[in-house]
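Note sheet for the following structure.
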Amino acid sequence: MAEDFDGIKEENNKPPLGWMIFYLSLAAWLVVYNIIYSPDIMGYSWNKIHEDEMKPLKEKLAQGKLESAKEKASGKIDAGKVMSAKCAMCHGADFKGQGTAPDLTAKKLANDELVTVITNGRNGMPPFKGQLSDDEIKAIAQQLSK
Ligand code: HEC
């Protein structure tokens, strides 16, 4: 259909088919989207999803069973494994002593003395400050004084 204003003609092109398909499918998607994600129609709710996910954690929190990330991390230290990697070459694979390195299973030292020796070293015993975390040293001392 063409318009004619004072001799100036304005032609009218049909919209390209591809654009019409795109446009109509967008409109259709708008309808579908609103049906699926409207809380009033299908009951969809981010808030509810969040509440469902938090439920087990909230129960744990209420029971005082929720451990902090730090507790979780320190609980995972395997003192025996750390010692096999860092201490066995001097103190022996069974930690019963070897050469000048004494028996670590003899339980001669108290927990805080163990922490001091491991952290700062002593004579031929190298300091592990900086090489092992405080938590790792604590876990080893715990293990050796058990
Ligand atoms: C380079 C060898 C070497 C390594 C590695 C080593 N130690 Fe020692 N350690 C020694 C020696 C040598 C002594 C004896 C020090 C002394 O005579 O005062 C010793 C002493 C000790 C003592 C004192 C024991 C006592 O009865 O007085 C403890 C505890 C100890 N080491 C723990 C460890 C732990 C835990 C590790 C691993 C994190 C470790 N050591 C790694 C060589 C080592």
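Just so you know, all these numbers are worked out from the coordinates, no wet-lab data involved. Note that the structure is a prediction, hence the values are computed from the model and not measured. Heads up, the Cβs are rebuilt from the backbone with ideal geometry, glycines too, and the neighbour counts pull from every protein chain shown.
Details
- SER145 paired with LYS65, simple spin-label distance in nm, labels 7 Å along Cα-to-beta-carbon: 3.1 nm
- Look at the alpha carbon pairs under 8 Å that are at least 6 residues apart: their mean separation over the length of the chain gives a relative contact order of 14 percent.
- Projecting label points 7 angstrom from Cα along Cα→Cβ for ASP40 and LYS58 puts them 2.6 nm apart.
- When the convex hull of its Cα atoms is viewed from all sides, the chain shows a mean projected area of 22.0 nm².
- At least 24 Å along the helix axis (C-alpha) and Kyte average at least 0.5, DSSP helices within the chain: 17-37
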